[in-house]
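Novice: Structure below; questions to follow.
The values are calculated or read from the model by the stated rules, or taken from the named source; none is laboratory data. Not measured: the values here are computed from a predicted model. Glycine gets a Cβ as well: all are built from the backbone with ideal geometry, and neighbour counts include every protein chain shown.
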Amino acid sequence: MKRIVILISGRGSNLQSILEAKLEARIAAVISNNPAARGIDIARNFGVDAVVIDHRGFPDRVSFDAALADKTDSYRPDLLVLAGFMRMLSEGFVKRFGGRIMNIHPSLLPAFPGVDTHGRALREGVKIHGCTVHFVTPELDHGPIIVQAAVPVLPGDDEERLAARVLEQEHRIYPQAIRWFLDGKLGLDGNRVTVNAGRSAPEAMVCP
Ligand code: GRF
């Protein structure tokens with residue numbers, strides 16, 4: 001069975017959706033850089049090993065990333081899943097796990113990389129917003145796109161309402177992307193991810 005390590009920093013709702021998806025994989029560990037992350041309890045409730053590596057105990061990013069990489073490696077993961085992990089990873093870390101790290105981002109990349117995606121989407125007046133699962137490269141919130149789900153921005157939306165609509169889709173597409181990876185259905189053609197899932201464009205979801 002393939003092994004997955006999940007990195008979190010906070011609430012853990014994506015973690016929960018992945019655990020509830022009962023994937024054909026062993027969730028070997030959940031690692032949090034934040035000792036107060038609610039996701040730690042979620043992991044333990046599912047019987048998953050949850051460990052904390054507090055970045056504040058390290059003098060710089062490189063030493064934190066080295067400790068994180070060693071801990072991660074000790075679980076021998078086939079796939080590393082970033083689920084609300086709020087630390088930028090150094091190039092060294094990303095290269096060490098090259099092609100085996102996924103992230104979910106709450107916007108339709110390449111629009112709105114970084115933070116405050118819902119607020120920025122509202123201020124820009126976009127009519128369509130959404131979320132993206134992508135492979136991680138050293139550049140923040142870039143990397144080959146695996147699946148996206150789009151939602152409408154509705155009149156009267158505030159950040160909270162829009163975020164909730166997007167989050168519902170995050171919880172659908174992240175387990176799906178991981179399942180494709182586990183089933184060997186993902187390929188790479190240059191910077192494009194190909195999904196060999198037998199339906200037309202299942203990796204583009206438009207949600208009314
Ligand atoms: C999600 O919106 C995810 O897209 C972003 O961080 C948030 C994490 O939420 N990367 P949760 O911890 O999974 O509830």
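Novice: Identify all residues within segment 107-129 that are free of Cβ contacts under 8 Å to residues at least 40 places away in the same chain and under 16 Å from Pro155 (Cα atoms); write none if there are none.
Specialist: Once the filter is applied, which keeps residues that are free of Cβ contacts under 8 Å to residues at least 40 places away in the same chain and under 16 Å from Pro155 (Cα atoms), segment 107-129 yields Arg120, Arg123, Glu124, Gly125, Val126, Lys127, Ile128, His129.
Novice: So, one more: Between Gly114, Gly98, which is more than 13 Å from the ligand (Cβ to nearest atom) and assigned to a loop (DSSP other than H, G, I, E, B)?
Specialist: Working: Gly114 fails: more than 13 Å from the ligand (Cβ to nearest atom).
Exactly one of Gly114, Gly98 is more than 13 Å from the ligand (Cβ to nearest atom) and assigned to a loop (DSSP other than H, G, I, E, B), namely Gly98.
Novice: Something else about it: What residue, of Val30, Val51, Val5, is away from the ligand (no atom under 16 Å from the Cβ), in a strand (DSSP E or B) and of a type in the set (A, V, I, L, M, F, W, C)?
Specialist: Val51
Novice: Condition check: assigned to a loop (DSSP other than H, G, I, E, B), among the small types (Gly, Ala, Ser) and away from the ligand (no atom under 16 Å from the Cβ). Does Gly84 satisfy that?
Specialist: Judged against the criteria, Gly84 is not a match.
Novice: Here's a follow-up. I want to confirm something. Restricting to segment 8-27 and keeping residues that are under 15 Å from the mean Cα position of the chain (by Cα) and assigned to a strand (DSSP E or B), which single residue is nearest to the ligand (Cβ to nearest atom)?
Specialist: If we take residues in segment 8-27 being under 15 Å from the mean Cα position of the chain (by Cα) and assigned to a strand (DSSP E or B), then Ile8 is nearest to the ligand (Cβ to nearest atom).
Novice: To continue, here is another question. Out of all the residues in segment 151-172, is one or more among the β-branched types (Val, Ile, Thr), touching a Ser or Thr at 6+ places or on another chain (Cβ under 7 Å) and buried (at least 17 other Cβ atoms within 10 Å of the Cβ)?
Specialist: no
Novice: Here's a follow-up. Could you check segment 66-81 and list, in sequence order, the residues that are closer than 18 Å to Ala28 by Cα and either outside any loop (DSSP other than H, G, I, E, B) or under 13 Å from the mean Cα position of the chain (by Cα) (or both)?
Specialist: Of everything in segment 66-81, those that are closer than 18 Å to Ala28 by Cα and either outside any loop (DSSP other than H, G, I, E, B) or under 13 Å from the mean Cα position of the chain (by Cα) (or both) turn out to be Ala67, Leu68, Ala69, Asp70, Lys71, Thr72, Asp73, Ser74, Leu79, Leu80, Val81.
Novice: Restricting segment 97-136 to residues that are farther than 24 Å from Ser17 by Cβ and at pLDDT 95 or above, which is surrounded by the fewest Cβ atoms within 10 Å (Cβ to Cβ)?
Specialist: Taking the candidates together, the pick is Gly125.
Novice: Scanning segment 54-81 for residues that are among the charged types (D, E, K, R) and either in contact (Cβ under 8 Å) with a residue 24 or more places away in the chain or within 16 Å of the ligand (Cβ to nearest atom) (or both), which turns out nearest to Trp180 (Cα to Cα)?
Specialist: Across segment 54-81, the extreme among qualifying residues is Asp78.
Novice: Related question: Return the total of residues in segment 143-169 being in contact with a helix residue (DSSP H, G or I) (Cβ under 6 Å, 6 or more places away or on another chain) and closer than 12 Å to Cys131 by Cα.
Specialist: Of the residues in segment 143-169, 6 are in contact with a helix residue (DSSP H, G or I) (Cβ under 6 Å, 6 or more places away or on another chain) and closer than 12 Å to Cys131 by Cα.
Novice: Return a yes/no flag: does segment 35-46 have any residue that is surrounded by 16 or more Cβ atoms within 10 Å (Cβ to Cβ) and assigned to a strand (DSSP E or B).
Specialist: no
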